[in-house]
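One structure is given below, encoded as structure tokens.
Readers should treat all values here as calculations from the given coordinates under stated rules, not as data from a laboratory. Keep in mind that what you see is a predicted model, and the values were worked out from it rather than measured. Backbone-built Cβ (ideal geometry, glycine too); neighbour counts: all protein chains shown.
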Amino acid sequence: MNKRKMLGGLFLGFAFFSVAASAQQPLYKNAALPVEERVNDLLGRMALEEKILQLNQYTLGRNNNENNLGEAIKQIPAGIGSLIYFDETPELRNAMQKRAMEETRLGIPLIFGYDVIHGFRTVYPISLAQACSWNTALVEDACATAALEARKSGVDWTFSPMIDVARDGRWGRISEGYGEDPYTNAAFCVASVNGYQGNDLTSADRVAACLKHYVGYGASEAGMDYVYTEISNQTLWDTYLPPYEAGIKAGAQTVMSSFNDISGTPGSGNHYTMTEILKNRWKHDGFVVSDWSAVPQLIAQGAAADSKEAARVAFNAGLEMDMMGRCYDKHLEALVEEGKVSMERIDDAVRRILRVKFRLGLFENPYTPVSKPDERFLLPQSKAVAERLAEESIVLLKNEGGILPLQSASAKTIAVMGPLVDAEMELLGNWHGHGRAEDVYPIRKALQEEFGSQANLLFHAGCPFDGDDNSQFAGALEVARQADVLLLFMGERHNWSGENCVRSTIELPDIQSAFIAEMKKAGKPIVLILANGRPLALSNVEPLCDAIVEMWQPGVPGGKPVAGVLSGRVNPSGKLSVTFPRATGQIPIYYNRRKSARPNSGKYQDIPSTPLYDFGHGLSYTRFTYGDVSLSKTSVAAGEKLVAEVSVTNVGERDGAETVHWFISDPACRITRPNKELKHFEKQFIKAGETKTFRFEIDPMRDLSFVDADGQRFLEPGEYYIMVDGQKVKLEIHE
Ligand code: NOJ
């Protein structure tokens, strides 16, 4: 479009506006009308410059992520589409929103986004831990809590959930997702989208969700961030896309394009993923925002020669909003004039952004009601959800001789040591929003409350997180010798995982391993309690420990949930959402690798080829026995459904919760399959002595079909297996 036409449009827009305004309020301001009608009306009134401004996102407030500092924006145009909002009070938002509402011709509200990753102020466990709870309802509640705190603080939109399937523990961002399995990521994605968005986005306590990072960001080579990823189309469809498809079906309003180059076409310039799949096939009608500066980074990736070309490539590929890239605001107008970007594409993009703004009710309620921090943050019910989620996320990895829970008779003196004991900040985990160390329940306090009346607690720092300072070892050994049992709190600092926080090895740092070995000299039982943001390779310390408790980074509940596990007040019910290898060299390692030509060969010379702890591993203080799996039918047609059932009995002395994982297996298929693939899971609380039935309603078209390299779904007649807890039951799909 040339300038004359544009100005003509602008003039006509003004003329229409003045006539309409005298008669009635513009249609787009009428909340009673359907969103699409309002969007069309508003779009019809907008000039090209106004439209282009909507396609940009800058920042407001102080950023606390050192990877994303960006330039300071002093003069934010009032008509900008969106801001990342780093503040935690409504006031700054409202002041900026006032400019958008009052200083622009059409009064289009801004949408304020923020990274609410695992809580806003009430920080709950990292996502990798959440998935170990296998409790989607609880994760939904936690996300609803985060949504409430965020929306009441001036945030309309969270850049969450991260649903990047990740199989490399070195990659720091493995902490932000739900582990190695596509189905698990899909299930928790749906739960979190439901929690954030609820049924009504206009509510004062819900926010729009953003699925990220689209797509394949977790396939990072060597665990490095931002790098090239090698993903065949088959693997894209089998592994990386399913969580996104589930999130779109659940109604997620937005998607964030990824930094990674997907086998030659970066995620942020990828027409196949952003337009053909997301919009044409899945009918997503919201918008795609880039990751931070991902548009100009197309130049670094070699996909564009300059920022103008980057804008063209990204925008035409289907990326609607440029986060901090400053490419769209600079170049889109010229690209339209040159005919390199069509007006249809501009309108489609703006329409998508406006749609989300209307759905959030921002035109009716552009401002955030001012409230006191204690009216929205750390409410008792919010903390209760975080605490329960942290309890259910804890995974008991090892419990030799039933050393846990600690018995008052045999644990009269307990030594508590390790770098995590007084390190509240580390328990928040990475990317903890507005969480503060002072909100975290200290481990020391939790243990004193849990055991103080029945045991003598001896605290000692023991060793640092890393480095080579072993000056405290001797003192710690003295303390250890006086104790009946040693609780060693070890692991990672909060900033050892997260964006651009990669480790080349995932073993415990040498100083921590050496400390455990030193404490072994005391000859007392050792309980290793771990807080970390990735799977760890523990084979050098595992033989030294009687029990190992993976508490992850729990957020504000801090030491309380794990204290409950140690005392037995809480019966652990978490199971791993990610495989724990024996050594870093096994990476990538995951349960659903495609089959090997020689299943019993392919061994390492130096270590067993199996994981140290499998996906789904997790012990309890009670024992569950499984009955035989039954199928309502053993031979069905493709369109016929059936039900698999298994009864589980708690044969131990304590009440507890059990998660049943239902896997399927296709022994022969035209596209090879893994040995087993998770298709359903369910967690139930079972009292001691009770039996509960677990069901899996199998829809063959959904659960036994696969996709080809272009996402076309097919279901082959033949043999399948339904697998639960070591059982394998045959099922036939007939023609
Ligand atoms: C970069 C990160 O990759 C992404 O996850 C985040 O949402 C954006 N920055 C915005 O902070």
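For segment 366-397, a residue qualifies if it is touching a residue at least 12 places away in the same chain (Cβ under 8 Å), of a type in the set (A, V, I, L, M) and at negative phi, and the qualifying residues are Val370, Leu379, Val385, Ala386, Leu389, Ala390, Ile394, Val395, Leu396, Leu397.
Which strands (runs of 3 or more DSSP E) sit wholly inside segment 576-677 and have at least 3 residues that are surrounded by 14 or more Cβ atoms within 10 Å (Cβ to Cβ)? Talk me through it step by step, then tell me what you get.
Values: elements: 624-626, 635-637, 642-650, 656-665.
So the answer is 642-650, 656-665.
From the residues in segment 381-412 that are hydroxyl-bearing (Ser, Thr, Tyr) and over 18 Å from the mean Cα position of the chain (by Cα), which one is nearest to Gly555 (Cα to Cα)? Taking the candidates together, the pick is Ser382. Restricting Arg105, Arg93, Arg121 to those that are more than 16 Å from the ligand (Cβ to nearest atom) and assigned to a helix (DSSP H, G or I) reduces the list to Arg93. Among the residues of segment 424-445, just one is crowded, with 20+ Cβ neighbours inside 10 Å, more than 23 Å from the chain's Cα centre (by Cα) and under 23 Å from Phe120 (Cβ atoms), namely Tyr441.
Where in segment 686-735 are the strands (runs of 3 or more DSSP E), entirely inside, with at least 1 residues that are of a type in the set (Lys, Arg) and under 29 Å from Asp655 (Cα atoms)? Break it down into steps so the answer makes sense when it comes.
Values: elements: 691-698, 718-724, 727-734.
Those strands (runs of 3 or more DSSP E) span 691-698, 727-734.
When you look at Ala300, is it within 16 Å of the ligand (Cβ to nearest atom) and either in contact with a His (Cβ under 9 Å, 6 or more places away or on another chain) or free of Cβ contacts under 8 Å to residues at least 12 places away in the same chain (or both), yes or no?
Values: within 16 Å of the ligand (Cβ to nearest atom): yes; either in contact with a His (Cβ under 9 Å, 6 or more places away or on another chain) or free of Cβ contacts under 8 Å to residues at least 12 places away in the same chain (or both): yes.
When the stated conditions are applied, Ala300 passes them.
Filtered by the rule that a residue be touching a helix residue (DSSP H, G or I) at 6+ places or on another chain (Cβ under 8 Å), among the charged types (D, E, K, R) and closer than 30 Å to Cys143 by Cβ, segment 381-421 gives Glu387, Arg388, Glu391, Glu392.
Looking at Ile163, Ile174, just one residue is within 14 Å of the ligand (Cβ to nearest atom), touching a residue at least 12 places away in the same chain (Cβ under 8 Å) and under 16 Å from Ser393 (Cβ atoms), and that residue is Ile174. Filtering segment 167-186 to residues that are under 11 Å from the mean Cα position of the chain (by Cα) and either surrounded by fewer than 24 Cβ atoms within 10 Å (Cβ to Cβ) or outside any helix (DSSP H, G or I) (or both) leaves Gly177, Tyr178, Gly179, Ala186. Cβ-Cβ contacts under 7 Å between residues 6 or more apart (or on different chains), taken from a first residue in segment 697-723 that is farther than 18 Å from Ile231 by Cα to a second residue that is small (Gly, Ala, Ser) and assigned to a strand (DSSP E or B), are listed as Ile698/Ala644; Tyr720/Ser665; Tyr721/Ser665; Ile722/Ala644; Met723/Ser665. For segment 304-327, the condition of being in a loop (DSSP other than H, G, I, E, B), more than 16 Å from the ligand (Cβ to nearest atom), among the acidic types (Asp, Glu) and surrounded by fewer than 24 Cβ atoms within 10 Å (Cβ to Cβ) holds for at least one residue. Within segment 438-477, being under 17 Å from Met551 (Cβ atoms), assigned to a helix (DSSP H, G or I) and of a type in the set (A, V, I, L, M, F, W, C) holds for Ile443, Ala446, Leu447, Phe451. Of all the listed residues (Glu149, Glu88), the sole one being farther than 22 Å from Tyr214 by Cβ and either within 16 Å of the ligand (Cβ to nearest atom) or free of Cβ contacts under 8 Å to residues at least 12 places away in the same chain (or both) is Glu88.
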